[in-house]
Amino acid sequence: MRRCEEVRELIPWYVEGNLATEEGADVATHIGECAACLRDVAAALRVRASVHAAFSALPLVSEELWERVSRQALGRRLAQLDVGSFIVGLRLGAWLTRRGSPVRADLRLFGREVHLINRRKGGGSS
Amino acid sequence: MLTQNQRETGEADDRTDRALVARTANGDESAFRLLYERLAERVFRYAFSLLHNRHLAEEVAQETMVVVWRQAGKFEGRSKVSTWVFGIARFRALDLLRKEQRGARVPEPTLAEPDPAPAIHDRERALGAIKTLPEEQREVVFLTFYEGLSYSEISGMLGIPEGTVKSRMYYARRALAEALT
């Protein structure tokens, strides 16, 4: 049977259900027979609940964050041509980013976009 | 404790993330937007747990997601997507921390004013207790109890031995239990 010190180090991941099957079974066996470690499980659960509540209460990211990310990552649209309908269509676009001027082409099928061309910096395409 | 269903949900979430990263690597903006929706908030909270500053945590979340867009094609799939993304965020956050410590940046006041409502008071108290932990312990607490990472995943992500992860957690838990009693 594992020693108490060894078990107590594993208890945080035991209460998270994040131990390998055999290791979890070892800990469960030990705490079934050790009142002190069982109390430690209860204490770990209380700490876990407090930590979870504290981090869950943190402020949310601002709504503008996506705008900033998309401007930096995807760039500013220079031109876009859209033909066809919602069911079947083709979109061609050119963007300006800090890393060049990518060109993209997407085929639209039943509302879902399928990538045809994506030329990024250095002429790489997919 | 985590149930089999929760574990399966976590695995399914990672499969979804991997599919989105693969599409993002091909320049699929809608996939990148979905990835952002799934990860940006978590990255922000992780960065906040390290920096305790909303403005800087948003900066980290922004830079991390831009790196995800640019580096999606280099993701090798050896870890969970979230572990990879947190690794990027950690690097950015620690870089900002170093700049802040050198006085290159001025931190801003961050935590919300205490509210008299008991539940909010408890959360503020818990946040206050977490804030007193050394940064390396705070991080392990966040990754274990909020993100649900295993000690081996944390060890891989932080580049430290598993024993160090366990001992950081042990001391953090002892300090938190005392502060929250």
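Coordinate-derived values only; no laboratory data. Owing to the predicted nature of the structure, the values given are computational and were not obtained by experimental measurement. As a convention, Cβ positions derive from the backbone with ideal geometry for all residues, glycine included, and neighbour counts pool all protein chains shown.
Write down the Å³ per residue value for the convex hull defined by the alpha carbon atoms of the stretch A:4-56. Don't skip to the answer; put the middle values down first.
On the way: hull volume 3.5 nm³, N = 53.
Each residue corresponds to 66 Å³ of Cα convex hull volume.
To the nearest 20 debye, what is the magnitude of the charge dipole of the stretch B:1-90 about its Cα centre, counting +1 on the Cβ of each Lys and Arg and -1 on the Cβ of each Asp and Glu? It would help to have the intermediate numbers written out before the result.
Values: 14 positive and 13 negative charges, 39 e Å.
Here the size comes out at about 180 debye.
For peptide B:174-180, compute the average count of partner chain beta-carbon atoms within 10 Å of each residue's beta-carbon. Don't skip to the end; give the middle numbers.
Details: counts 3, 1, 8, 6, 0, 2, 7.
Average per residue, whole number: 4.
Rounded to the nearest 0.05, what FRET efficiency do B:D122 and A:A105 give with R0 = 41 Å and r taken as the Cβ-Cβ distance? Could you check?
Working: r = 54 Å, r/R0 = 1.31.
Using R0 = 41 Å, I get an efficiency of 0.15.
When Cβ neighbours within 10 Å are restricted to other protein chains, what is their mean count per residue of peptide B:139-145? Write out the running numbers ahead of the final one.
Working: counts 0, 1, 6, 3, 0, 7, 13.
Taking the mean over all residues of the peptide, I get 4.
Could you give the length gained by full extension between A:Q80 and A:S56, i.e. 0.36 nm per residue of separation minus their alpha carbon distance, to one decimal place? Numbers along the way, then the final one.
On the way: separation 24, 0.36 × 24 = 8.64 nm, distance 4.06 nm.
Extending this stretch completely gives an extra 4.6 nm.
Mind checking B:45-54 for the average number of partner chain beta-carbons within 10 Å of each residue's beta-carbon?
2
Regarding the stretch B:112-181, what are the three Cα extents along the principal axes, ordered largest first, in Å?
42, 21, 16
Based on the mean of other beta carbon atoms within 10 Å per residue, what is the order of B:16-23, A:33-40, A:48-55, most packed first? Intermediate results must be reported in sequence, preceding the final value.
Numbers: B:16-23: 17.5, A:33-40: 13.8, A:48-55: 20.2.
Output ranking for B:16-23, A:33-40, A:48-55: A:48-55, B:16-23, A:33-40.
What is the distance, in nm, between label points placed 7 Å from the Cα along the Cα-to-Cβ direction at B:T16 and at B:T164?
Between B:T16 and B:T164, the simple spin-label model gives 3.4 nm.
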